[in-house]
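First up is the structure itself, then whatever we jot down about it.
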Amino acid sequence: MPPPSEPHSISIVLHWAIALLILAIFPIGIYMAQTHTLELYDLHKSLGVIAYIIIVLRLIWVFWKGEIKSIAENPREKALAKFVHRLMLILTFLVPTFGMMYSASAGYGFGIFSWRIVPLNLVNGEVLPLSPLLKPILLLGHEITSYAMMLIILGHIGAAFKHHFLDKDTTLKRMLGLRTNR
Ligand code: HEM
Ligand code: HEM
């Protein structure tokens, strides 16, 4: 069977835009939740909504053009890569979806910097949850999916380095858009 073709430049740009955003949003999320730094909530949510838009664009792109196929020759490794990539595609969608639903249900709302998409639910100067029932469930959903996603991403980064440094194949170079002479 001929080896899979190089990833499309749009797949590469979408992958790295999402990767960089997630690698910034995740530590901001942990830090702000622990220290309750209010200004960081706005930054976290704004970057999260921007990431969500790019994630949806990537999903449309993947449905339209197909997934990036692993160049691994071992069928087990190929199947594992496919499974993990699909899991990441699903989790990257779920994490910001839970985040937005939580912020809306808690009454805090969200937006992209000064552009409010869902406004604050202020009643007599107090922020009231839209759904006190769903609020803790959606927060738990956001926490569980974001930690699960980060664990898988760490494994994914480890796998990329294994391909590059141990197997010495072109898996990482292709994803960086470098010519691999194949
Ligand atoms: C941080 C968030 C990241 C996410 C959510 C993510 C997700 C994904 C997904 C879903 C794919 C499948 C291809 C696609 O449709 O885009 C993929 C491929 C790939 N990613 Fe990532 N990635 C992340 C970070 C990274 C980092 C930091 C590296 C490198 C150190 C990396 C290296 C790769 C490589 C080499 C492939 C191609 C794998 C192959 O050909 O089998 N990724 N990534
Ligand atoms: C890919 C994007 C995102 C990632 C990786 C992410 C990750 C995280 C993480 C790791 C935490 C800390 C959880 C904890 O330890 O309690 C957090 C908290 C939070 N996130 Fe996100 N998040 C993302 C997107 C969003 C979006 C789009 C929103 C809303 C618009 C949002 C709203 C929140 C809020 C309000 C908290 C604080 C919860 C609390 O007060 O405990 N997140 N996020």
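Pairing the Cα long axis of helix 38-65 with the longest principal axis of the chain, what angle in degrees results, from 0 to 90 and rounded to the nearest 10?
So the inclination is approximately 40 degrees.
Work out the FRET efficiency for residue 23 and residue 93 from their Cβ-Cβ distance, taking R0 = 22 Å, and round it to the nearest 0.05.
It comes out at approximately 0.80.
What is the percent of Cα-Cα separations in the stretch 38-147 that go past 25 Å?
35
Which of the lysines could a cross-linker bridge to residue 162, judged by Cα under 18 Å and excluding same-chain residues fewer than eight apart?
69, 78, 82, 173
Calculate the dipole size of the stretch 9-175 relative to its Cα centre from +1 charges on Lys and Arg beta carbons and -1 charges on Asp and Glu beta carbons; express the result in debye to the nearest 20.
Roughly 580 debye, rounded to the nearest 20.
Taking only Cα atoms, what is the 0 to 90° angle, nearest 10, from helix 9-35's long axis to the longest principal axis of the chain?
The answer is roughly 40 degrees.
What FRET efficiency comes out for residue 38 versus residue 143 if R0 is 30 angstrom and r is the Cβ-Cβ distance? Round to the nearest 0.05.
Efficiency computed from Cβ-Cβ geometry: 0.95.
Expressed in nm to one decimal, what extension gain is obtained for the pair residue 120 and residue 83 from 0.36 nm per residue of sequence separation less their Cα-Cα distance?
Extra length available between residue 120 and residue 83 comes to 9.4 nm.
Reported to two decimal places, what Rg/Rh ratio describes the stretch 33-80 when computed on Cα atoms with Rh from the Kirkwood expression?
Here Rg/Rh amounts to 1.28.
Give, rounded to the nearest 20 debye, the magnitude of the charge dipole that the stretch 1-81 has about its Cα centre when Lys and Arg contribute +1 at Cβ and Asp and Glu contribute -1 at Cβ.
For this selection, approximately 200 debye.
Read-outs: derived from the displayed coordinates by stated rules, not from any lab. Values in this document were obtained by computation on a predicted structure and should not be read as measured data. Every residue, glycine as well, gets a Cβ built from its backbone with ideal geometry; the counts of neighbours run over all protein chains shown.
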